[in-house]
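The values are calculated or read from the model by the stated rules, or taken from the named source; none is laboratory data. All values reported here derive from a predicted model rather than from experimental measurement. Here the Cβ positions follow ideal geometry from the backbone for every residue, glycine too, while neighbour counts run over all protein chains shown.
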Amino acid sequence: MKEVKLGIIGLGNMGSGHCMSIHIQHKVPGMILAAVCDISAERREWAEQELPGVPFFANAEDMYKSGLIDAVLIAVPHYDHPALAISGFEHGLHVLVEKPAGVYTKQVLEMNAAAAKSDKVFGIMYNQRTNPVFQKVRDLVQSGELGEMKRVVWIITDWYRPQAYHDSGSWRSTWSGEGGGTLINQNPHNLDLIQWMLGMPKRVRSFVSFGKYYNIEVEDDVTAYFEYENGASGLYITSTGEAPGTNRLEVSGDMGKIVVENNIITFHRNRVSEREHNRVNTAPFAKPESWVCEIPASTDGGEQHVGILKNFAKAILNGEKLLAPGEEGINGLLISNAIHYSTWVDGWADLENFNHEHFYELLQEKINTSTEKKNVNRQVADLKGTY
Ligand SMILES: NC(=O)c1ccc[n+]([C@@H]2O[C@H](COP(=O)([O-])OP(=O)(O)OC[C@H]3O[C@@H](n4cnc5c(N)ncnc54)[C@H](O)[C@@H]3O)[C@@H](O)[C@H]2O)c1
């Protein structure tokens with residue numbers, strides 16, 4: 001195979017952006033846009049105008065069976081990601097799924113099982129993994145430079161989204177259409193990064209508010225406490241209702257602390273490990289000597305979506321290692337589900353023995369009482385790259 005023939009399902013904000021990168025801007029060597037699919041007549045018109053000559057399908061099954069594509073990129077609302085991915089594997093296609101992997105872990109476990117049965121490449125659009133800043137933090141933690149982790153605090157309250165955003169699609173910010181609020185929409189990137197850099201927490205206790213700032217039924221304000229296997233603790237705070245908000249990550253370890261703010265990494269580096277200092281020190285107020293180091297990492301954000309597309313193409317064509325394997329999509333989603341679950345049951349959520357079935361039942365109760373928003377003014381606004 002010389003080039004990957006890609007089909008894209010869902011031509012909304014994100015899917016149309018991917019079409020532009022591949023077909024109009026030719027940013028992805030080795031990949032061509034061979035077909036597109038959307039259920040909306042308005043999107044069909046858009047495709048006919050913007051992508052002349054690219055075959056259009058009104059349903060995924062027909063595109064899968066067409067023989068025109070080797071791989072599919074799924075960019076429809078979250079609930080449908082797993083079912084479309086499973087069907088893609090069954091039709092012998094390579095699959096790249098948009099984030100989040102799905103809405104609930106039970107369906108994502110099924111998707112991962114289907115991927116495991118197939119010999120196809122399975123990726124997920126975790127474009128933030130291409131950001132050199134997060135790659136460097138991961139490196140500092142995993143190489144042992146920071147020492148044993150003691151605490152992580154991530155405040156991500158700069159995901160501001162006004163009511164007009166929540167009203168920009170009937171599926172948005174509803175249990176039935178979206179399956180959650182900021183945890184499932186904006187935060188999948190951060191919840192993936194936190195586990196990609198630091199590993200999975202063992203259990204979670206959360207305090208989540210639903211419709212605190214907006215007329216929505218899902219969450220717009222989250223405070224969660226994480227516990228890790230080694231005893232480290234974490235605090236994860238996010239909201240769509242604060243302006244201007246903050247994005248500040250601080251990870252402390254035995255060898256100091258890493259702070260990431262404004263895409264700049266500062267390493268407050270202990271000259272000796274704090275535990276070692278404590279073992280030998282006799283002075284009541286003596287602290288380990290600490291140096292403030294600015295860590296070099298490109299601040300351009302990396303290649304983002306195009307980087308993931310290039311990597312996916314190379315994985316299919318040359319067996320290149322995936323930066324974001326699809327199977328890993330469940331990790332961030334498990335943290336997300338656990339945060340919801342802890343608040344719903346008003347207790348701890350155990351990630352190692354997560355009750356996938358009970359989570360699904362509780363979600364189903366929300367879906368059953370969900371008020372799908374009617375008559376909202378759906379705009380394919382220019383939201384690309386904003387989450
Ligand atoms: N990686 C990122 O940075 C990023 C950014 C934006 C959106 N996304 C993800 O992309 C997905 C889509 O989000 P969006 O903002 O583009 O939504 P959107 O509402 O703008 O677009 C979704 C499109 O899918 C179509 N669609 C729905 N069900 C379909 C089906 N069964 N078959 C074919 N077409 C179908 C709709 O008609 C619509 O055109 C979401 O899961 C979202 O989380 C990811």
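Details
- Leading residue by the ranking (surrounded by the fewest Cβ atoms within 10 Å (Cβ to Cβ)) among those in region 98-135 that are assigned to a helix (DSSP H, G or I) and of a type in the set (Val, Ile, Thr): Thr130
- Residues satisfying the stated conditions in region 48-85, i.e. surrounded by fewer than 20 Cβ atoms within 10 Å (Cβ to Cβ), among the hydrophobic types (A, V, I, L, M, F, W, C) and assigned to a helix (DSSP H, G or I): Ala83
- All positions within region 302-315 that are under 16 Å from His18 (Cβ atoms), surrounded by 19 or more Cβ atoms within 10 Å (Cβ to Cβ) and either without any contact (Cβ under 8 Å) to a residue 40 or more places away in the chain or of a type in the set (A, V, I, L, M, F, W, C) (or both): Ile308, Leu309, Phe312, Ala313
- Residue in region 185-203 that is part of a strand (DSSP E or B) and at pLDDT 95 or above present: yes
- Single match in Val108, Val97, Val76 (criterion: more than 10 Å from the ligand (Cβ to nearest atom) and of a type in the set (Val, Ile, Thr)): Val108
- Whichever residue in region 204-241 is assigned to a loop (DSSP other than H, G, I, E, B) and aliphatic (A, V, I, L, M) and, among such residues, is farthest from Tyr160 (Cα to Cα): Ala232
- Region 1-11: number of residues that are closer than 14 Å to His305 by Cβ and surrounded by fewer than 24 Cβ atoms within 10 Å (Cβ to Cβ): 0
- Among the residues making up region 339-371, those that are in a helix (DSSP H, G or I) and within 17 Å of Val204 (Cβ to Cβ) are Ile339, His340, Tyr341, Ser342, Thr343, Trp344, Val345, His356, His358, Phe359, Leu362, Leu363.
Quick grid of which residues meet (1) touching a residue at least 12 places away in the same chain (Cβ under 8 Å); (2) more than 16 Å from the ligand (Cβ to nearest atom); (3) outside any strand (DSSP E or B):
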{"residue": "Arg138", "(1), (2), (3)": "yes, yes, yes"}
{"residue": "Val141", "(1), (2), (3)": "yes, yes, yes"}
{"residue": "Val152", "(1), (2), (3)": "yes, yes, no"}
{"residue": "Ile155", "(1), (2), (3)": "yes, yes, no"}
{"residue": "Ser170", "(1), (2), (3)": "yes, no, yes"}
{"residue": "Trp175", "(1), (2), (3)": "yes, no, yes"}
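- A single member of Val380, Val376 is within 16 Å of the ligand (Cβ to nearest atom), modelled with pLDDT under 95 and out of contact with any helix residue (DSSP H, G or I) (no Cβ under 7 Å at 6 or more places or on another chain), and it is Val376.
- Unique match (being away from the ligand (no atom under 13 Å from the Cβ), within 15 Å of Val97 (Cα to Cα), among the hydrophobic types (A, V, I, L, M, F, W, C) and without any contact (Cβ under 8 Å) to a residue 40 or more places away in the chain) among Ile24, Ile32, Ile86: Ile86
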